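The values are calculated or read from the model by the stated rules, or taken from the named source; none is laboratory data. All figures in this text were calculated on a predicted structure; none of them were measured in a lab. Cβ placement follows ideal geometry from the backbone for every residue including glycine, while neighbour counts extend to all protein chains displayed. SASA here: full protein model, heavy atoms, side chains in, ligands and nucleic acids out. Shrake-Rupley method; radii C 1.70, N 1.55, O 1.52, S 1.80 Å.
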Amino acid sequence: MPSEEPSPASPSADSERYSRQILFPGIGTAGQERLAHAHVAVVGCGATGAAAASLLARAGVGTLILIDRDFVEPSNLQRQILFDEADAREALPKAEAARRHIARFNSAIQVHAHIADLTPTNIAELLTPPSSPAHIILDGTDNFETRYLLNDFAIQRTIPWIYAAAIGAYAATLNILPGSPSGPWALNPGPCLSCLFPTPPTGPIDTCDTAGILSTAVNLAASIQVTEALKFLTGQPDLMRRSLLSFDLWSNQRGEIAAAKPVPGCTVCGQHIFSHLAGDARPHITLCGRNSVQIHEHHRPIDLNLMRGRLAQNASLLEIQDLRSNDLLLRFRRGPHTVTLFPDGRALIQGTTDPTVARSLYARFIGS
Ligand SMILES: [Zn+2]
């Protein structure tokens with residue numbers, strides 16, 4: 001967390017702009033100054049990430065690192081509140097579109113936009129650049145592969161991160177607060193993602209592209225996530241929630257799973273085995289042929305009939321064409337890309353040589 005002494009005349013601590021937030025006793029003048037010196041990374045600038053980035057920027061967080069691998073599409077506009085029709089027409093990268101929109105309503109803060117897929121190779125450079133290492137990381141991703149990578153990195157570096165997920169009308173968040181011998185968590189570290197879920201889910205995973213999403217669920221997840229981050233950044237980590245909190249806004253169900261202490265023997269936070277950071281758990285990607293990428297996702301047996309049913313139901317909404325399947329493979333076309341999926345979870349994506357595009361399609365339509 002930021003430890004710098006507040007400077008008296010920081011442009012990003014403009015007292016009129018932030019007057020209503022300063023009036024709130026939990027923030028005050030001192031809290032606002034701390035926010036001006038805070039560095040927050042948002043990984044993924046889709047629905048949750050864009051909402052979180054917008055809220056952080058309006059709150060006056062001084063430095064934002066935004067990372068996203070995708071481009072704005074018309075189907076994003078229903079829920080991704082930082083983007084507009086011109087962004088979708090130009091297929092602007094989300095990280096850059098977010099940076100431009102933030103600059104229009106808060107030009108005093110620093111926004112570093114990275115059009116990138118977060119990988120074991122670039123994670124340290126993107127999240128902890130020497131000039132502005134993230135004090136806290138917010139999860140705006142759409143896949144578990146990146147979340148487990150984030151978890152490894154955050155535990156290794158003792159940086160807090162906040163998990164957030166939204167699908168359908170459901171929203172969930174969890175604060176992940178690593179222990180540190182000298183930091184504020186020394187006495188009271190919380191569980192990590194692996195403590196609660198030792199392995200990533202297997203088989204087909206519902207995604208916003210297959211199960212749909214309400215923008216309200218996304219904004220709820222982002223609101224809770226950013227509020228928790230504000231507590232941390234203003235030096236009040238003791239106020240942060242110690243549970244996995246979930247809401248289903250349609251059925252009005254609320255769930256809370258206690259998450260006060262790490263699970264003894266957890267491979268990540270207990271034994272410090274960082275397999276996702278080492279790249280061991282990552283699917284292998286190979287370029288094959290002149291214009292295709294293969295994703296060798298193992299241990300992910302996929303029921304092709306079930307998958308076909310899910311995709312067929314909403315093929316036109318998802319802009320999926322030529323959906324076909326038999327016992328051996330499922331294939332569909334989307335725009336310039338043809339996706340072929342095999343029962344062991346392996347996929348061939350034709351129409352690109354860019355592994356990032358292939359991984360994004362996989363995460364969206366198959367789930368990762
Ligand atoms: Zn753990």
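Rounded to the nearest 0.05, the FRET efficiency derived from the C-beta distance between Thr356 and Leu196 at R0 = 35 Å is 0.75. Phi-derived couplings, Karplus 6.51 cos²θ - 1.76 cosθ + 1.60 at θ = phi - 60°, listed residue by residue for the range 335-349: x, x, 10, 10, 10, 10, 10, 10, x, 8, x, 6, 9, 10, 10 Hz, with x used for Gly and Pro. About its Cα centre, the range 72-167 has a charge dipole of approximately 300 debye under the convention of +1 per Lys or Arg Cβ and -1 per Asp or Glu Cβ, with nothing else charged.
Near Ala116, the amide H atoms lying under 5 Å from its own belong to Asp68, Arg69; only residues 5 or more places off or on other chains count, and H is placed 1.01 Å from N. Applying the Karplus relation 6.51 cos²θ - 1.76 cosθ + 1.60 with θ = phi - 60° to the range 192-198 yields 3J(HN,Hα) values of 9, 4, 6, 4, 7, 10, x Hz, where x marks Gly and Pro. Ligands, DNA and RNA excluded, the heavy atoms of Trp161 present near 0 Å² of accessible surface to a 1.4 Å solvent probe.
Within the accessible surface of the chain, defined with a 1.4 Å probe on protein heavy atoms only, the carbon and sulfur portion equals 54 percent. Judged by the gyration tensor of its Cα atoms, with axes a ≥ b ≥ c, the range 1-156 is oblate; a/c meets the 1.5 cut and b/c is at least as large as a/b.
For the range 294-368, compute Rh as the Kirkwood radius over C-alpha pairs and then the Stokes-Einstein diffusion coefficient at 10 °C and 1.306 mPa s; write the answer in µm²/s, rounded to an integer.
Working: Rh = 12.2 Å.
D = 130 µm²/s.
For the range 154-278, the spherically averaged projection of the C-alpha convex hull amounts to 8.6 nm².
Subtracting the Cα-Cα distance of Leu328 and Ser19 from their residue separation scaled by 0.36 nm leaves 105.1 nm.
Picking from Cys269, Cys208, Cys45, which is most flexible by a Gaussian network model of the chain using Cα springs under 10 Å? Largest GNM mean-square fluctuation: Cys208. Taking the three principal axes of the alpha carbon atoms in the range 222-265, the coordinate ranges are 35, 31, 13 Å, sorted in descending order.
The mean sequence distance of close C-alpha pairs (under 8 Å, at least 6 residues apart), as a share of the length of the range 101-192, puts its relative contact order at 18 percent.
Restricting the calculation to Cα atoms, the range 238-368 shows an Rg/Rh of 1.09 when the hydrodynamic-style radius is the Kirkwood one.
How large is the dipole of the range 38-116 about the Cα centre if only Lys and Arg carry +1 and Asp and Glu carry -1, each at its Cβ, rounded to the nearest 20 debye? Walk me through the numbers on the way to the answer.
Values: 8 positive and 8 negative charges, 49 e Å.
That gives a dipole near 240 debye.
From the largest down, the range 77-118 spans 27, 26, 18 angstrom on the principal axes of its Cα atoms.
Normalised by 2.2 N^0.38 Å, where N counts its residues, the alpha-carbon radius of gyration of the chain equals 0.99. Approximating the spin labels as points 7 Å out from Cα along Cα→Cβ, the Thr216-to-Gln321 distance works out to 3.6 nm. A probe of 1.4 angstrom, applied to the heavy atoms of all protein chains, finds Tyr170 with accessible area near 90 square angstrom. Rounded to the nearest 20 debye, the dipole size of the chain about its Cα centre is 280 debye, using +1 on the Cβ of Lys and Arg and -1 on the Cβ of Asp and Glu.
Between Ala86 and Ser275, the FRET efficiency estimated from the beta carbon spacing at R0 = 30 angstrom works out to 0.10.
With an 8 Å Cα cut-off and a minimum separation of 6 or more residues, compute the relative contact order for the range 210-285 in percent. Mind showing how you got there, number by number?
Values: 41 pairs, mean separation 11.2, N = 76.
Here the relative contact order equals 15 percent.
Across the chain, Cα pairs under 8 Å and at least six residues apart give a relative contact order of 15 percent.
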